[in-house]
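Asker: Below is one structure. I have some questions about it.
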Amino acid sequence: MFSLVFYPVFPIFLPIGGFIEKVWTVTELTRSVKENLEEAFPAIWVEGEISNYLRHSSGHRYFSLKDEGAQLRGTIWRGVGQYLDFEPEDGLKVHAFGNLTVYEKRGEYQFNVLKLLPVGRGALELAFQKLKEKLFKEGLFDEEHKKPIPEFPQRIGIVTSPTGAALQDMLKVFQRRFPPAELYLYPAQVQGERAMGEIVDGLRAFNEWGKAEVIIIGRGGGALEDLWAFNEEKVARAIYASRIPVVSAVGHEIDFTIADFVADLRAPTPSAAAEMVVPDREELEGVVSSLRERIAGLFSHQVEQAESRLGAVLGSYGLRKPADLVTQKMQAVDELARRAAMALSHRLEKSKLELKSVAERLLSLSPKSVLSRGYSIVRCLPDKKVVREYKEVKADDKVELIFSNGKAQAKIMGTSPEGL
Amino acid sequence: MKRQKAEAAAFKEPKSFESALKRLEEIAVKLESGETELEESLTIFQEGMQLSGWCQKKLDEAQKKLKILVRSKTGELEVKEE
């Protein structure tokens, strides 16, 4: 960009015919060079890449500025160094402001830096660090401000480019994992001049609309410059101001942006954001079908119990009540049992899920499950005939009691018609 | 038979998948408590079967089309089909 061309302007004395008119001392010459140089280049900007950077314990910094064609020695004295925004490093491209001077002791000219600015990527990185620090101090990254992401968002807002790969990636994941989600896109440019404004507008629009339960902002990978909109302070503040939780999904795994730090959740990529925001369909199917089985099982269990209660009512209690009450109860229970059975079989037929196991449970009201609930079977000995009513036994008869997990032998002490 | 039909028709579409799952959970807990009368159990059992059927149907659905949220010239927000 800027080449240092040096034109000799001091007097030249040539030895003519062996006669020497003036002999300079080294010091004189060097001083003259120094004076002329300092006058010719009093305050200039130089662009170059830093190399051989050395920070001396004295606080002074020594380095070279170089480009493809040349090198220039440079110094930053302690007094200037302490006001630098950043610590330079080898390879960093900079704009250096200062003046040219000569270090007489070594007869070297060098550039005395008074101000240093990173250029290109370096400048962006510096801006990134400064903003990150500022927002961190303000508390924009604090955990306590992070809003939880809803477990099953019904409406998902997306702020990204309508033509980008990020959107397509997310749509694919949403389709695979959680079709019930409704997706709303606020089209925004994600790089270039308009990106910052449009991303901010998108965040505000979803907050104003109020129906989305979570917002994803993002884009695919790119150079630091391409992702820059997500490092803008306005975007950070819009994320912070959002009442709706915001997920940032910018670039690849390794790309971190300011948006990532402020967002309620940072996803390494847009696809990952989609995965993190919605539940997994297969998992959900498992949850639904296990709830379904649990409900059917519990209900069939209750039906069984009602049936045994019906047996008890008919067998004993009713004998002491008006006949008509018995009939009514019987009918009511019968009716319920019939409706229950009908409801069950109706659902069973229609069910796509594995209700087979439930059906099996219902159909095989295994005596064992009844026994485990506290009932037992009484059989006469020695013929092992099941005793269904008190009249079938009399005092001193030997009987066998069958429990769910064993048997007992007993002797009848007496009988009476009283029931439960 | 008539009454059962009326009950089936009374099935209210859940607000969201989440609320459907929550209600299923509630039904299971209620039945587990053993405190519901058979009549009530039947009703919530039927509700549970309908809800879980609805959930499955939702999961099998094709993805809804992407909708676009845009701001009109007058500053109003509108939702457009893609």
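Asker: For the stretch A:381-410, which positions are small (Gly, Ala, Ser) and under 60 Å from the mean Cα position of the chain (by Cα)? Outline the logic, then answer.
Answerer: Step one: list which residues in the stretch A:381-410 are small (Gly, Ala, Ser), which gives A:395, A:404, A:406, A:408, A:410.
If the condition is that a residue be small (Gly, Ala, Ser) and under 60 Å from the mean Cα position of the chain (by Cα), then A:404, A:406 are the ones that fit.
Asker: Given (1) on the phi < 0 side of the Ramachandran plot; (2) not assigned by TED's automatic domain parsing to the domain that holds residue A:88; (3) not β-branched (Val, Ile, Thr), where does residue A:112 come up short, assuming only one miss?
Answerer: (2)
Asker: For residue A:410, which of the numbered conditions (1) closer than 22 Å to residue A:308 by Cα; (2) of a type outside the set (S, T, N, Q); (3) assigned to a strand (DSSP E or B) fails to hold?
Answerer: (1)
Asker: Next up: Counting only residues that are closer than 27 Å to residue A:335 by Cβ, modelled with pLDDT under 85 and at the interface with another protein chain (Cβ under 9 Å from one of its Cβ atoms), how many does the stretch B:9-36 have?
Answerer: Result for the stretch B:9-36: 2.
Asker: Now for a separate question. State yes or no: is residue B:53 small (Gly, Ala, Ser), loosely packed, with under 14 Cβ neighbours inside 10 Å and more than 7 Å from chain A (Cβ to nearest Cβ)?
Answerer: No: the conditions fail for residue B:53.
Each row is one residue, and each column tells you yes or no for (1) within 14 Å of chain B (Cβ to nearest Cβ); (2) in a helix (DSSP H, G or I); (3) within 17 Å of the chain's Cα centre (by Cα).
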residue	(1), (2), (3)
A:175	yes, yes, no
A:191	no, no, no
A:234	no, yes, no
A:253	no, no, yes
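Asker: Restricting attention to the stretch B:60-78, and to residues there that are facing chain A (nearest Cβ under 7 Å) and modelled with pLDDT of 85 or more, which single residue is farthest from the chain's Cα centre (by Cα)?
Answerer: Narrowing the stretch B:60-78 to residues facing chain A (nearest Cβ under 7 Å): B:61-64, B:66-69, B:71, B:77.
Now drop any that are not modelled with pLDDT of 85 or more, which leaves B:66-69, B:71, B:77.
Numbers: B:66: 22, B:67: 22, B:68: 26, B:69: 26, B:71: 32, B:77: 28 Å.
Top of the filtered list is B:71.
Asker: Any residue at all in the stretch A:105-124 that is among the small types (Gly, Ala, Ser) and either within 24 Å of residue A:42 (Cα to Cα) or part of a strand (DSSP E or B) (or both)?
Answerer: Checked against the condition, which is being among the small types (Gly, Ala, Ser) and either within 24 Å of residue A:42 (Cα to Cα) or part of a strand (DSSP E or B) (or both), the stretch A:105-124 yields at least one hit.
Asker: Within the stretch A:143-159, can one find any residue that is assigned to a helix (DSSP H, G or I), more than 14 Å from chain B (Cβ to nearest Cβ) and more than 16 Å from residue A:248 (Cα to Cα)? Break it down stepwise before answering.
Answerer: Within the stretch A:143-159, the subset assigned to a helix (DSSP H, G or I) is A:143-145.
Now restrict to residues that are more than 14 Å from chain B (Cβ to nearest Cβ): A:143-145.
Narrowing further to those that are more than 16 Å from residue A:248 (Cα to Cα): A:144.
For the stretch A:143-159, residues assigned to a helix (DSSP H, G or I), more than 14 Å from chain B (Cβ to nearest Cβ) and more than 16 Å from residue A:248 (Cα to Cα): present.
Asker: Kindly establish whether residue A:116 is more than 30 Å from residue B:55 (Cβ to Cβ) and touching a residue at least 60 places away in the same chain (Cβ under 8 Å).
Answerer: Against the criterion (more than 30 Å from residue B:55 (Cβ to Cβ) and touching a residue at least 60 places away in the same chain (Cβ under 8 Å)), residue A:116 does not qualify.
The values are calculated or read from the model by the stated rules, or taken from the named source; none is laboratory data. Keep in mind that this is a model prediction, so the values were computed, not measured. Note that each Cβ is placed from the backbone with ideal geometry, even for glycine, and that neighbours are counted across all protein chains shown.
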